[in-house]
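Structure first, then comments.
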Amino acid sequence: MEIRTTRYDAPDAVKLNDLVQQEYVRRYGDGDVTPMDAAQFEPPRGLYLLVYDPAGTAVASGGWRAWDSSPEGFADGDAEIKRMFVVPEARGLGLARALLAELETTAAAAGRTRMVLETGLRQPEAIALYTSCGYLSVPKFGFYRHDELSVCMGKELTAGLRA
């Protein structure tokens, strides 16, 4: 498996984004309508990654975008995880954990001090992953901060993560 930096609007990223949106529709009845722009994932204020299998197929995605204090509940130094996804046939291989570690490392290297994410109660696998990686519940933020199914989590990015 190989982790590669890409643009959020690159063809393989769009393909995986379409698949994750289908997953959201299956679990919640609708896709994620959080406003997002490819420019938000451009270094140094963001990053988007894809994981490729040995055959060259994109099988996982995830990115982070920088935030500072805002009325939506973000704090100075936040990096928000977006579009973490692993295709069903590649689940259970540790790809999400490896991708998450790379997102944390790159966000810390870019000067971000806290990684935050929003997931949902109908994604228990995601909640279990993040909890096992040291994420804790934080006050709700972002587009879905008033949704009863929304779960917001965060993790301080320590100096040890900064390369």
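Only the coordinates and a few stated rules stand behind these numbers; no lab work does. The structure presented is a predicted model; accordingly, all values stated were derived computationally and were not measured. When we count neighbours, we look across all protein chains shown, and the Cβ atoms used for this are built from the backbone with ideal geometry, even at glycine.
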request  = For the stretch 123-162 and the stretch 45-88, write down the distance between their C-alpha centroids in whole Å.
outcome  = 13
task = Provide, for q = 0.11, 0.13, 0.14 Å⁻¹, the log10 of I(q)/I(0) from a solvent-free Debye sum over equal Cα point scatterers in the stretch 78-163.
result = -0.29, -0.41, -0.48
request  = State whether the stretch 1-82 is rounded, prolate or oblate according to the following rule on the C-alpha gyration tensor (a ≥ b ≥ c being the square roots of its eigenvalues): a/c under 1.5 gives rounded; otherwise a/b larger than b/c gives prolate, and the remaining case gives oblate.
outcome  = oblate
task = Could you work out how far apart the two model spin labels at residue 28 and residue 146 are, taking each label as a point 7 Å from the Cα in the direction of the beta carbon, and quote it in nm?
result = 1.5
task = Could you pull out every residue, at least 5 positions away or on a different chain, whose amide H is within less than 5 Å of the one on residue 74? Hs are placed 1.01 Å off N in the peptide plane, and Pro or chain starts have none.
result = 142
key: Loop trypsin sites (Lys or Arg not before Pro), the stretch 1-96, which have at most 14 other Cβ atoms in a 10 Å radius of their Cβ (DSSP)   = 91
task = Calculate, axis by axis, the spread of Cα positions in the chain along the three principal axes, and write the results as whole Å, longest axis first.
result = 42, 39, 30
ask   = Within a Cβ distance under 9 Å of residue 143, other residues only, what is the Lys/Arg minus Asp/Glu net charge?
value = -3
ask   = What distance in nm separates the simple spin-label points at residue 128 and residue 39, each placed 7 Å from Cα in the Cβ direction?
value = 4.1
task = Quick one: give the max-minus-min coordinate of the C-alpha atoms of the stretch 28-119 along each principal axis, largest first, in Å.
result = 41, 35, 22
note = In nanometres, the difference between 0.36 nm per residue of separation and the alpha-carbon distance of residue 1 and residue 72 is 21.9 nm
ask   = Residue by residue, what Karplus-based ³J(HN,Hα) values in Hz, rounded to whole numbers, does the stretch 28-35 have, using 6.51, -1.76 and 1.60 with θ = phi - 60° and x for Gly and Pro?
value = 10, x, 7, x, 7, 10, 4, x
